[in-house]
Amino acid sequence: MQNFKLLKSIVERQDRLRTVRGGDEGQTVFEYLGIIVIIALIIGAIIGTGLANTIANAITAALADITG
């Protein structure tokens, strides 16, 4: 029974801290936006360096090996 009381007090304290700090709401949107920007930069770098054609040719050759 004492463990239950301790657990309950810990959970209540965490809820109070979360309420005081305002939580993490809205942070997720910025994290997703950051990931999208990084992916766009990587894709732009691949296209800009001409690496896209090399990748496409390698995929085409691999598919030809599988189906042929």
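Size descriptors for the chain: radius of gyration and Dmax over Cα atoms are 25.3, 70 Å. Using a probe of 1.4 Å on the protein chains alone, the accessible area found for residue 41 is around 120 Å². Computed from backbone phi with θ = phi - 60° and the Karplus coefficients 6.51, -1.76 and 1.60, the 3J(HN,Hα) list for the range 54-63 is 5, 5, 4, 5, 5, 5, 4, 5, 5, 5 Hz; x is used for glycine and proline. Which percent of the accessible area of the chain is formed by carbon and sulfur heavy atoms (probe 1.4 angstrom)? Within the chain, the accessible surface is 66 percent carbon and sulfur. Dipole orientation for the chain: of the candidates 38, 3, 48, 3 has the Cα lying most toward the positive pole (charges on Cβ; Lys, Arg +1; Asp, Glu -1).
Residue-wise HN-Hα couplings along the range 32-41, as the Karplus relation 6.51 cos²θ - 1.76 cosθ + 1.60 with θ = phi - 60° gives them from phi, are 4, 4, x, 5, 4, 5, 5, 4, 4, 5 Hz; Gly and Pro carry x. Taken about its Cα centre, the chain carries a charge dipole of about 540 debye when Lys and Arg each add +1 at the Cβ and Asp and Glu each add -1 at the Cβ. For the pair residue 62 and residue 10, the difference between a 0.36 nm per residue extended length and the Cα-Cα distance amounts to 13.1 nm.
Keeping every protein chain present and rolling a 1.4 Å probe, give me the accessible area per residue for the chain in Å².
Working: 6360 Å² over 68 residues.
That works out to 94 Å² for each residue.
The values are calculated or read from the model by the stated rules, or taken from the named source; none is laboratory data. Quick caveat: nothing in here was measured; it's all calculated off a predicted structure. All Cβ positions, even for glycine, are placed from backbone atoms using ideal geometry, and neighbour counts span all protein chains on display. Accessible surface areas use protein heavy atoms only, side chains included; no ligands, DNA or RNA. Shrake-Rupley method; radii C 1.70, N 1.55, O 1.52, S 1.80 Å.
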